[in-house]
Amino acid sequence: MIAITCKHEQLVKRGKDARGNQRFKCCSCGASVVRHEGGKPLGNMRLEMAKAIIVLKLLLEGMSIRACERITSVNRDTICDLVLTLGQKCDTFLENTVQGVQAKYIELDEIWAFSGCKAKTAKEKNYGPEMGDVWTWFAIDAQSKMILSHKTGKRDQVTGDEFLRRLNNATVGRTQVTSDGFSAYTYGVPSAMGSRVDFAQLIKHYAGSQNETRYSPAQIVGTEVVPRFGNPDEAHVSTSYSERLNLSVRMHNRRLTRLTNAHSKSAEHHSAMLSIFTAFYNYCRKHESCGKGKQTPAMAAGLTDHVWSVKELLEAAA
């Protein structure tokens, strides 16, 4: 006699297993089954997707972790685990999907923050390398406003080279790149992008040393365009969009707000949150200059045809 195997077509929910996966009971045979539909956006976390999305939306609109805890009743440790899990997924997602972009003009810049304490304090107290200043490097397409690549780390040549490697992998065709006067770009950009790049640096001259001011840069008294490689068009040598992006990053991320204790306590979590923001900015957040405010940068760059929801982003990054 051949037994007929039940296909478990009629299922009803029956709690969750030890790892938080949804368990079902088959109405035909009574068996308990667990079904996995594709990747798991939240990994092995037991947090409900709906509540995770609310937490993320709050974080991405500039709220602190403890404020999210008070509003959603999700423990702050769970929120930190959520950021770390999704940040790693979003970073991989961006590197795998932001490719083949034909960006005519690209602007580069770095934004400062700190983890635990500032560099001066970390040096005085002999803290490890995970404490102190943290820099996030951004490359933005001046036309679509797409963040083509990002990298969080130190403000040094090693981090810069990895950032530029990602930028080279994300773009195709001839492009013009503009950066500030930071030395890591001088030879790094031509080395990473080769003969297809026209590169210039926009050197800013200040009224005094920036070290003389506490919370704002010294007054700019002039700028100088320095062609470095190829034949850059001086009319399009600018860092205005990259500097405006820095404002958006600070406005959307509480951990970058100055003069508060909301700063990052972990460099790893800081990097993860910036990866989540970059994916959100590219795919979910409508940009005022893209399609009269109806498109995201990813739509303007031709990588998608609609505005993504946060849930759709998490499922794509799983």
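Charge tally around ASP161: other residues with Cβ under 14 Å, Lys/Arg +1 each, Asp/Glu -1 each, net +2. Note on percent of Cα pairs over 26 Å apart: of the candidates [x] 42; [y] 61; [z] 54, the value calculated from this structure sits at [z]. Taken one residue at a time, the phi angles of the range 156-161 give Karplus couplings (6.51, -1.76, 1.60, θ = phi - 60°) of 9, 5, 4, 5, x, 5 Hz. Gly and Pro are set to x. Summed over qualifying helices (DSSP H, 4 residues or more, each -39500 (n - 2.57)) and divided by its residue number, the chain shows a 222 nm mean residue ellipticity of -11000 deg cm²/dmol. Local charge for ASP91 was computed over the other residues whose Cβ lies under 11 Å away, with Lys and Arg +1 and Asp and Glu -1, and equals +2. The packing ranking of peptides 287-293, 169-175, 274-280, highest mean first, is 274-280, 169-175, 287-293, where packing means the average number of other beta carbon atoms within 10 angstrom of each residue.
Helix 267-283 versus the longest principal axis of the chain: what angle, 0 to 90°, nearest 10, using Cα atoms? The two axes meet at around 90 degrees. Here LYS118 is the anchor, and the lysines within straight C-alpha reach of less than 29 Å, apart from those fewer than 8 places off in the same chain, are LYS57, LYS89, LYS151, LYS154, LYS204, LYS265. Charges were assigned to the Cβ only: +1 to each Lys and Arg, -1 to each Asp and Glu. The resulting dipole of the range 49-317 about its Cα centre is roughly 720 debye. Ranking LEU314, ASN44, LEU259 by how far each Cα lies toward the positive end of the dipole of the chain (charges on Cβ) leaves ASN44 at the top. Partner lysines whose Cα lies under 17 Å from the Cα of LYS292, excluding those fewer than 8 positions away in the same chain, are identified as LYS145. Residues in the range 48-54 carry Karplus couplings, in order, of 5, 4, 4, 6, 4, 5, 4 Hz; the curve used is 6.51 cos²θ - 1.76 cosθ + 1.60 with θ = phi - 60°, and Gly or Pro positions show x. When you count the other C-beta atoms within 10 angstrom of each residue and take the mean per peptide, 228-237, 112-121, 89-98 line up highest first as 89-98, 112-121, 228-237. Cα to Cα, under 23 Å, and not fewer than 8 places away if on the same chain: which lysines meet these conditions relative to LYS13? LYS13 reaches LYS25, LYS40, LYS51, LYS311. Between amide H atoms placed 1.01 Å from N, distances below 5 Å from ASP109 occur with PHE138, all of them 5 or more places distant or on a separate chain. Between the amide H of GLN102 and those of VAL172, distances stay under 5 Å, these residues lying 5 or more places away or on another chain, with hydrogens modeled in the peptide plane. In a DSSP loop and with at most 16 other Cβ atoms within 10 Å, the GluC sites (Glu not before Pro) in the range 25-74 are GLU37, GLU48, GLU61. Here the 3J(HN,Hα) profile of the range 129-146, calculated from phi with Karplus coefficients 6.51, -1.76 and 1.60 at θ = phi - 60°, is x, 6, 9, x, 5, 10, 10, 10, 8, 10, 10, 10, 6, 5, 8, 8, 6, 6 Hz, Gly and Pro shown as x.
Amide H contacts for THR223 (H built 1.01 Å from N in the peptide plane; partners 5 or more residues away or on another chain; cut-off under 5 Å): HIS205.
Read the figures in this text as sums done on the coordinates, not as results from a lab. In this text, all values refer to a predicted model and were calculated from it rather than measured experimentally. Neighbour counts run over all protein chains shown; Cβ positions are idealised from the backbone, glycine included.
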